[in-house]
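Right, one structure below, let's go through it.
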Amino acid sequence: MSNVIPTQAMETSSSPSDMTTINASMMPTFIPIRDEIDIPQRIIIGIILTVICIFGFCGNTLVIVAVFLSRKLRTTTNVYVVNLAVADLLSCMFQIWDVVGLWSLNGWPIADWICVISSAVSLICVAFTIIDLALIAVNRYHKVLYPMHLYQKIYSNRNVGIMVGAAWLYCTLVVCVPPSLGIGKLGYSFDLKTCASDESNPGNKFYTMLSTALIFPIPLVTLIFCYTKIFLFVRDHQKSITATRRKSSFRAQLDTDPTKPPKPDPQTVQITKNLLYVVVAFVVCFTPYALAVAVPPLSIARHWSGLLVMFNSSINPIIYGLKHPHFKEVFPYILRGQWRDIPELVGFMHRFKSEGSFERRGSSRGSLSRGSLSKTGETGFVSTMSRSQSPPPPPYSP
């Protein structure tokens, strides 16, 4: 579809002989402006975006449900993982509105506030993703290089909550405050045919530069620093263990010295590698779009490279399912509907572990096995596991 812009030619002569020319020049002339993306491409991109959003919604919901149901997954690091899944989930929920803009032939066809909210939430989630990945990197840095007692002191429940809450608040302020002050504008972009920052606004370029400067540089440096230090530490430690394998006395001293960093156990290293894969996936998916925005000749590729950014919101659950030792163990039970067999199932779900489902009122058993249920008075079905039969608390896991 082509848009047209009327232009008025300037009068160059007023003589009678040129009157016809003047009258012709006074007539509005229509110069066709080609859309940056044609209708067939918009339809294809809309279909692909819909599939990505549906897949990402299901995958990130799976991550959240897994952490909710299994105490084995309720670790400090997974607080950041769950918030990353929430950000990806919100992206998939709100960017589905971009399909409306892509498939509309006459601009944004419904209420403008829907597009404004969609663009704001999408930008906040992208900003939070990079900051959350940096927080995960810092967490793994302390986990691998610091003694356990110091790691636990730094990452108390209160401190983790403050970190995550501050990250969400900061991203919201960076995205929403400048437009409220007249710097840039959120809403429908006629160039991109999606809900984003309005590129026709005079302050859009400054808004983009400002938000980019406030969000990306520090987290990127943090990611590079933390994972480089982790890699060097693990490599040097493995060399040290190999070199001192025959020196049992030195090794015993190393193991018992509380001031030294703990030896990175294989599971910790594996989880750290898994989270590094998440970072690599983000960089791979985001770099083409960043180049398309930063390099004018590549701007025509913004739509297709933008699909990669959205695909990143769907790929993390795949990485967890293939690489993360704990998620890989829990996911199959949820997908097969065998929720009662989830490792270290949360307490309130034990009522579903009795054979056949709930027990009928009035029924009684001579003995109660672990996870069995009984009726107490008029309060309904409650768990009656004895303290001696209660499952022990799960060991700390990274």
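Packing-wise, with mean Cβ within 10 Å as the measure, how do 80-89, 316-325, 175-184 rank, highest first? Each step should come with its number before you reach the end.
On the way: 80-89: 23.1, 316-325: 19.1, 175-184: 16.2.
The densest-packed peptide leads the list: 80-89, 316-325, 175-184.
Take the Cα of residue 228, step 7 Å toward its Cβ, do the same at residue 54, and the gap between the two points is 4.4 nm.
Separation of the alpha carbons by more than 24 angstrom is noted, of 153/323; 72/229; 143/328; 72/239; 72/153; 229/328, for 153/323; 72/229; 72/239; 229/328.
Other residues within the sphere of radius under 15 Å centred on the Cβ of residue 166, judged by their own Cβ, net out at 0 (K and R +1, D and E -1). Residues whose amide H lies under 5 Å from that of residue 190, counting only those 5 or more places away or on a different chain, are 199, 200; hydrogens are built 1.01 Å from N in the peptide plane.
Net charge around residue 46, counting only other residues with Cβ within less than 12 Å of its Cβ (Lys, Arg = +1; Asp, Glu = -1)? Display every interim value, and only then the final one.
Numbers: positive: 42, 193; negative: 98.
Its environment carries a net charge of +1.
Order these peptides, 277-289, 199-211, 52-64, by their mean beta-carbon neighbour count within 10 angstrom, highest first.
On the way: 277-289: 17.4, 199-211: 15.3, 52-64: 19.6.
Packing order, densest peptide first, comes out as 52-64, 277-289, 199-211.
Here the Karplus curve 6.51 cos²θ - 1.76 cosθ + 1.60, taken at θ = phi - 60°, turns the phi angles of segment 122-137 into couplings of 4, 5, 4, 5, 5, 5, 5, 4, 5, 5, 5, 4, 5, 5, 5, 4 Hz, with x standing for Gly and Pro.
The numbers here are math on the coordinates, done by the rules we state, and not lab data. Computed from a predicted model, the values in this text were never measured in an experiment. Every residue, glycine among them, receives a Cβ derived from its backbone with ideal geometry; neighbour counts consider all protein chains shown.
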